[in-house]
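Asker: One structure follows; several queries about it will come next.
The values are calculated or read from the model by the stated rules, or taken from the named source; none is laboratory data. The shown structure was predicted, so the numbers you read here are calculated from the model rather than taken from an experiment. Methodologically, a virtual Cβ is constructed for each residue, glycine included, from the backbone with ideal geometry; neighbour enumeration extends over all protein chains shown. These accessible areas exclude ligands, DNA and RNA; they are computed on the full protein's heavy atoms, side chains included. Shrake-Rupley method; radii C 1.70, N 1.55, O 1.52, S 1.80 Å.
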Amino acid sequence: MADYREAPLATQPKTLDPNEYFHVSTKMRQAENQRAALRANLKLQYQTQLNNPHRRELIEDPALTRWVHARGNSYPNFRPTFKTSLLGAMFGVVPLVFFYYVFKTDRDAREKQIQDGTLKRKFSLSS
């Protein structure tokens with residue numbers, strides 16, 4: 001940690017700040033240890049439920065439930081911005097206009113060739 005140098009455009013992380021890392025009060029250290037113990041206890045309970053060979057019920061993992069809910073319901077967290085509007089137009093409207101233009105010009109060119117009599121039909125069903 002002594003040889004760590006800060007990057008010119010980035011701030012130093014809190015975990016590498018010597019005042020934050022070494023001079024932590026006993027209350028803060030105790031609270032951190034209590035949180036770590038609680039996390040370890042929850043992890044142990046979940047793993048014992050998961051590895052129980054005689055289990056019949058479904059194991060509820062609240063973190064997994066929150067994650068699945070957040071993945072499935074993204075619309076409550078959606079914020080319309082200029083970037084999202086531009087991306088929506090780019091992927092929603094621009095392809096429709098592009099394909100309309102391509103098919104319309106191809107059809108008009110073919111129609112003009114048919115009217116001029118210069119179109120050679122490769123697959124003629126009438127002859």
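Asker: With θ taken as phi - 60° and the coefficients 6.51, -1.76 and 1.60, list the Karplus ³J(HN,Hα) couplings across segment 84-100 in order, rounded to whole Hz; mark glycine and proline as x.
Answerer: 5, 5, 5, 5, x, 5, 5, 8, x, 9, 4, x, 5, 5, 4, 5, 4
Asker: Taking the Cβ-Cβ separation of Asp17 and Lys43 as r and a Förster radius of 22 Å, what is the calculated FRET efficiency to the nearest 0.05?
Answerer: The value I calculate is 0.20.
Asker: Provide the gained length on full extension for the span Leu58 to Ala31, in nm with one decimal, where the gain is 0.36 nm per separating residue minus the Cα-Cα distance.
Answerer: Here the answer is 6.5 nm.
Asker: With a 1.4 Å probe and every protein chain kept in, tell me what percent of the accessible surface of the chain is carbon plus sulfur.
Answerer: Its accessible area is 59 percent carbon and sulfur atoms.
Asker: Could you provide, to the nearest whole Å², the per residue accessible area of the chain with probe 1.4 Å?
Answerer: Value for the chain: 102 Å² per residue.
Asker: Need one number: nm distance between label points at Lys120 and Glu6, each 7 Å from Cα along Cα→Cβ, rounded to one decimal.
Answerer: Roughly 7.6 nm, to one decimal.
Asker: Please identify every one of the GluC sites (Glu not before Pro) in segment 8-114 that sits in a loop by DSSP and has no more than 12 other beta carbons within 10 Å of its own beta carbon.
Answerer: Within segment 8-114, the qualifying GluC sites (Glu not before Pro) (loop, at most 12 other Cβ atoms within 10 Å) are Glu57, Glu60.
Asker: Next up: Over all alpha-carbon pairs of the chain, lay out the pair-distance distribution in 5 Å bins, whole %, shortest bin first.
Answerer: Spelled out bin by bin, the chain gives 2, 6, 6, 7, 7, 7, 9, 9, 8, 7, 6, 4, 4, 4, 4, 4, 3, 2, 0, 0 percent.
Asker: Considering only lysines 8 or more places apart in sequence, or on different chains, count the pairs in the chain whose C-alpha atoms sit under 25 Å apart.
Answerer: Step by step, the pairs that qualify in the chain add up to 7.
Asker: Just grab the label-to-label distance for Phe99 and Leu87, each label 7 Å out from Cα along the Cβ direction, in nm (one decimal).
Answerer: Simple spin-label model gives 2.2 nm for this pair.
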